[in-house]
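A short write-up of the structure that comes next.
Taken together, the values in this text are just the output of simple stated rules run on the coordinates, not laboratory data. These numbers come from a predicted model, not from an experiment. As a convention, Cβ positions derive from the backbone with ideal geometry for all residues, glycine included, and neighbour counts pool all protein chains shown.
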Amino acid sequence: MDKKIIEILAKNDKYCSHGDTVNYADPPKVFENCEGSFLFDENKTPYLDWQMWYSAVNFGYKNKRIADVLHKQVDTLPQLASQYLHKEKVDLAEIICKYMEEKYGVKGRVHFNVGGAQAVEDSLKVVRNHTGKTHQFAFMGGYHGRTLGASAITSSYRYRRRFGNFADRAHFVPYPYCFRCPYGMKVETCDTYCHKQFEQLFDTEYQSVWDEKAKQSEFGAFYIEPMQGTGGYIVPPAGYMKKLQESLKKRNILLVADEIQMGVYRTGKLWSWENFDIIPDIFVFGKAITNGLNPLSGIWAREELISPEKFPPGSTHSTFASNPLGTAVALEVMNMTLEKDFEPHVRNRGAYFLKRIQELKSRWKCIGDVSGLGLALRIELCESDGFKASRALADRMFNEGLKGDIMIDGKQYGLVLDIGGYEKNVITLAPSLLISEEEIDLGIKLFEALLKRCGAE
Ligand SMILES: Cc1ncc(COP(=O)(O)O)c(C=O)c1O
């Protein structure tokens, strides 16, 4: 191993907390450069990235147009306390609000923050302030971040176990994950049985969520990822989300869509909820809104939830909220999406990618399920029966891909994979939206080489 890398790893061992996710890989991986769809290690070996910083870099590493705006902002107004205004902030908020007004006829406002979980916290404040309720519904398999409030609505107990009592822990509802239906049904014949199960919660007060006399729920909102992200890039069945919103509307329960991972054209639409014939009361965004450059996140909420009377000055604040480097870059990203309709581009490229991974499934018994929406795709790794989850195979593929020693047509490459899913056996694919068909083909060769190397059938 390169001396420089040994030193970096030694310092990580000695000085860095291992409480983040770096040490999931053994040894942790070091990169030195990036461009387009590739990361580069100390030997300049290219690693095709199938996950693009968990879907934060939708428009490719070092995207020149976006980077140029960052440089320009560094030279003009790089720093400004968030209590003052700057043009980029209000222009960005206007674009997000006008999109909602013109396309869906709904008025609202935007509130910015820095990281995704922080914006989730802000949305929780808006919900609590409006409804007076502390408790929320959320999905099993959902992921909303790791601050305390976001952990309370994230189903994984692993993220809460060591941190005491979560009095505001959500009521978790099974997500419609049809490949492994939580109710053992078949999607072709179930008539969205899972939605009926949710409806039944409101039948009597004894199901513990609804007071029929007062016509009140104990729950202020239902937090959804319209397409589940960390849970394994799961597309819900047709009609489910619409029925869910109808159930909530009847009971005055708000719908909050978390768009942090699937927003900004990942699924072929600007916001992933647009695929499902629903309009949320609040949505939360982050990650790709700045293409992974200076972080910025935020929420959009309907006017009645976030009007100045309802949510007055000082209701929430963070030093770096609406930082001008972030707003300038996000404004450029949004302008790009106004100038070019990314929907047909992502749909076509996604269809090509899906076709190529469907071919893989037909050749490999260990691939139990492939599916996706736009360029959010999944490969579910199983044992040779094509169903029993194989976390071991996913872990091997992940580690081998990071070795950067796969030879394709006489050239050396690596493959960057991310693993999600309830059983940590799903390769979740979030490539650059600008990935070429040649790069998709290269990825398929690399993935197949890894399957062979890992002894898959
Ligand atoms: C759907 C979703 N919500 C919230 C978050 C948390 O965002 P952040 O990591 O920026 O705090 C993530 C991060 O992966 C996410 O995927």
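Summary of values
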item	result
Within the chain, longest stretch free of exposed trypsin sites (Lys or Arg not before Pro) [DSSP loop, at most 10 other beta carbons within 10 Å]	216-339
MRE, 222 nm, helices only [DSSP H, n ≥ 4, -39500 (n - 2.57), over the chain, to nearest 500]	-11000 deg cm²/dmol
Under-5 Å amide H pairs with residue 371, H placed in peptide plane, nonlocal only	378
In sequence order, calculated HN-Hα J values of region 100-106 (Karplus, 6.51, -1.76, 1.60; Hz; x Gly/Pro)	5, 5, 6, 8, 10, x, 10
Relative exposure of 278, 153, 408, judged by other C-beta atoms within 10 Å (fewest first)	408, 278, 153
Loop GluC sites (Glu not before Pro), region 234-318, which have at most 11 other Cβ atoms in a 10 Å radius of their Cβ (DSSP)	309
Region 335-352 and region 31-95: distance between their alpha carbon centers, rounded to Å	19
Ranking of 315, 362 by count of other Cβ atoms within 10 Å, fewest first	362, 315
Spin-label zone in region 387-401 - amide nitrogen under 16 Å from a point set 7 Å from the Cα of residue 452 along the C-beta vector	401
Gyration tensor verdict on region 55-167 (Cα atoms; rounded if a/c is under 1.5, prolate if a/b is larger than b/c, oblate otherwise)	prolate
Residue among 163, 279, 30 farthest towards the positive dipole end of the chain, charges placed on Cβ	163
Estimated distance in nm for a label pair at residue 340 and residue 360, the labels positioned 7 Å out from Cα along Cα-to-Cβ	2.5
